[in-house]
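**Q** My questions will all concern the structure given below.
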Amino acid sequence: MTGHEHSSADDEALVRAAQQGNLGAFEELVARHRDKIYARAFSMMRNEEEALDLSQEAWVKAWQRLAQFQRESSFGTWMTRIVINLCLDQLRKQKRYRTESLEAIDEESGGVERQMPVLTVNPTERLERAELRQRIEIALDQLSYEHRTVLVLHEFEEMEYKEIARVMECSIGTVMSRLFYARRKLAVILSDLKKDEAT
Amino acid sequence: MMAAMRTQLKPGGWMVWVVAFCCLFTAPVLLADTAGMKLEAQLLWGTNDATSPNPKHKPVDEDIRKKLKELPLKWTNYFEETRKSLDVTEAAAKRVTLSDRCDIEVKVLGGSKIEVTHFGKGEKVVKQTQNLPKGEMLVLGGNAPNSTAWLVILKRVE
Amino acid sequence: MMDGDVQIKLQSFVDGELPEGEARAMANLMAQDREAAALVAELKYTRQALSGHEKGVRLPESREFFWSKIQREIERTAPVAPVPRPVSWLVRVRRILTPVAAVAAVAIAGFIATRPASAGSGVETSLSDPGAFTYRDFASGTTLVWLSYPAEDTLADGE
């Protein structure tokens with residue numbers, strides 16, 4: 001049975017079938033959620049190839065751990081957490097993920113973002129959605145891995161500060177500082193892009 | 001030599017070896033850690049204020065303060081409200097009262113493994129099973145009014 | 001220039017992470033301080049700009065191709081049936097020993113099962129508090145169990 005034959009079933013029925021070893025049902029789940037899982041991996045890694053590999057690995061892991069899925073959250077949320085953990089592991093392995101140090105805390109808590117003047121005009125005003133998307137992509141590329149990860153976990157995954165602190169293995173204070181820095185930098189990058197366009 | 005050995009190692013002989021091997025490995029398990037352990041429990045109050053409004057409170061020990069600083073907690077100061085020692089054995093669980101509203105019960109499960117049950121206002125809140133070798137610490141905590149926190153610290157002394 | 005802690009508190013206010021009393025204080029500050037109001041507006045703009053951003057991202061491979069890679073990997077990592085080999089003297093001896101070892105294993109397992117609990121590593125939490133989380137700091141050997149209980153009350157007498 002192929003995944004296409006399961007297209008009318010809901011996620012819960014597909015998970016049940018997949019847990020009994022039905023690969024066709026699992027294929028349908030992959031088809032439904034693959035864009036979201038890839039998008040999350042890409043948001044965190046900023047590299048198409050790595051995001052593809054990690055999202056594929058996440059699906060293989062999900063199949064192997066399907067028996068552990070207890071329906072405490074939706075299947076989509078469970079899958080997203082798997083890919084986030086894989087991305088975090090990968091970032092740590094690549095040592096792009098700086099260990100929290102006093103210097104890092106100083107930089108984040110007393111850094112330039114505190115001195116930046118507050119933007120009084122909405123930097124995203126009158127932008128078309130596609131244009132805004134492109135600018136956000138540029139801005140996300142310019143953020144460090146630590147700042148981007150906090151932003152992604154908070155804004156896209158809607159995690160609370162304490163949960164981010166737990167998965168990133170840092171203090172809640174560091175999460176708040178990193179998030180503040182990331183947002184201020186994002187606002188400045190968006191506004192600078194706007195200024196560049198005007199000149 | 002090898003050929004000679006092969007002829008000597010008959011199935012019956014192997015069985016003797018296996019039984020001896022099993023005894024060798026099960027004996028330490030059977031005899032291990034029937035003794036108890038000495039623990040210290042503290043009830044702390046976490047705040048960002050420099051001083052506590054309660055004159056009975058003492059600033060927390062330096063070693064605990066350092067360890068709390070490593071945890072994802074937002075408070076800068078911790079004050080000790082109560083400190084109790086517990087001698088716990090495998091034979092029976094021991095319950096101590098840390099405040100009118102906070103009790104803990106500790107049971108040794110064997111080796112360095114303990115089971116801690118926390119009671120808030122007499123009701124069971126959480127049961128935690130944890131390896132607690134000497135020098136390690138278990139912290140149970142929660143938010144309290146006005147952005148403060150309560151914390152129960154359990155430390156193995158011996 | 002606003003104090004750094006106030007800036008962070010304003011952000012926590014925007015994110016709904018402040019307790020009621022502090023949230024009210026931040027709302028009052030915004031009403032009186034233009035700079036605070038502007039910072040809150042800016043933080044809200046960035047939130048708004050990011051909302052739904054991932055929705056437009058598409059996986060750059062076809063359904064069939066992406067699935068074929070996953071399926072291959074699933075099949076590759078699936079348990080493989082053992083291939084029969086010629087029986088050596090060692091295997092024959094093992095056949096005799098296996099029942100003996102099994103009896104010993106059952107005896108050990110029985111002993112361990114009848115003990116109150118195993119002395120293995122790891123942390124188990126049985127929570128009647130679904131909002132709780134556990135954090136382990138390996139460097140200092142400290143385990144933190146943070147409970148959502150009691151949300152509006154305290155067990156210490158600090159108040």
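The values are calculated or read from the model by the stated rules, or taken from the named source; none is laboratory data. What you see is a predicted model, and the numbers here were worked out from it, not measured in a lab. Positions of Cβ are backbone-derived with ideal geometry, glycine not excepted, and every protein chain shown enters the neighbour counts.
**Q** Identify, by number, the condition in (1) more than 9 Å from chain C (Cβ to nearest Cβ); (2) in a helix (DSSP H, G or I); (3) exposed (fewer than 15 other Cβ atoms within 10 Å of the Cβ) that B:ILE64 doesn't meet.
**A** (3)
A quick yes/no check of all residues on (1) in contact with a Phe, Trp or Tyr (Cβ under 7 Å, 6 or more places away or on another chain); (2) at the interface with chain C (Cβ under 7 Å from one of its Cβ atoms); (3) surrounded by fewer than 21 Cβ atoms within 10 Å (Cβ to Cβ):
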{"site": "B:ARG101", "(1), (2), (3)": "no, yes, yes"}
{"site": "B:LEU109", "(1), (2), (3)": "no, yes, yes"}
{"site": "B:ILE114", "(1), (2), (3)": "no, no, no"}
{"site": "B:THR117", "(1), (2), (3)": "no, no, yes"}
{"site": "B:LYS121", "(1), (2), (3)": "no, no, yes"}
{"site": "B:LYS124", "(1), (2), (3)": "no, yes, yes"}
{"site": "B:ASN131", "(1), (2), (3)": "no, yes, yes"}
{"site": "B:LEU138", "(1), (2), (3)": "no, yes, no"}
{"site": "B:ALA144", "(1), (2), (3)": "yes, yes, no"}
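**Q** A follow-up question, please. Restricting attention to segment A:1-27, and to residues there that are among the small types (Gly, Ala, Ser) and surrounded by 15 or more Cβ atoms within 10 Å (Cβ to Cβ), which single residue is modelled with the lowest pLDDT?
**A** Once the filter is applied, the top-ranked residue is A:GLY3.
**Q** Let me ask another. Taking C:GLU35 as the residue in question, decide whether it is within 7 Å of another protein chain (Cβ to nearest Cβ) and part of a loop (DSSP other than H, G, I, E, B).
**A** No.
**Q** A further question follows. Out of (1) at pLDDT 90 or above; (2) in contact with a Gly (Cβ under 9 Å, 6 or more places away or on another chain), what's the single condition that is false for B:LEU98?
**A** For B:LEU98, the failing item is (2).
**Q** Out of the residues in segment B:84-93 meeting the condition of being within 18 Å of B:LYS134 (Cβ to Cβ) and not hydroxyl-bearing (Ser, Thr, Tyr), tell me which one is nearest to the other protein chains (Cβ to nearest Cβ).
**A** B:GLU90
**Q** What is the number of the single condition among (1) under 14 Å from C:LEU144 (Cβ atoms); (2) among the basic types (Lys, Arg); (3) surrounded by fewer than 19 Cβ atoms within 10 Å (Cβ to Cβ) that B:LYS84 does not meet?
**A** Looking at each condition in turn, B:LYS84 falls short on (1).
**Q** Within segment A:173-189, take every residue that is closer than 30 Å to C:LEU144 by Cα and facing chain C (nearest Cβ under 9 Å) and give me the one that is surrounded by the fewest Cβ atoms within 10 Å (Cβ to Cβ).
**A** The residue in question is A:GLY173.
**Q** If you check B:GLN42 against the conditions, is it under 19 Å from the mean Cα position of the chain (by Cα), surrounded by 16 or more Cβ atoms within 10 Å (Cβ to Cβ) and within 7 Å of another protein chain (Cβ to nearest Cβ)?
**A** Here the answer is no, as B:GLN42 does not meet what is asked.
**Q** Follow-up question, since we're still on this one. Taking segment C:8-17 on its own, how many of its residues are over 15 Å from C:GLU42 (Cα atoms) and either at the interface with another protein chain (Cβ under 8 Å from one of its Cβ atoms) or outside any loop (DSSP other than H, G, I, E, B) (or both)?
**A** From segment C:8-17, those over 15 Å from C:GLU42 (Cα atoms) are C:16-17; that's our starting set.
So of that shortlist, the ones also either at the interface with another protein chain (Cβ under 8 Å from one of its Cβ atoms) or outside any loop (DSSP other than H, G, I, E, B) (or both) come out as C:17.
Selection size over segment C:8-17: 1.
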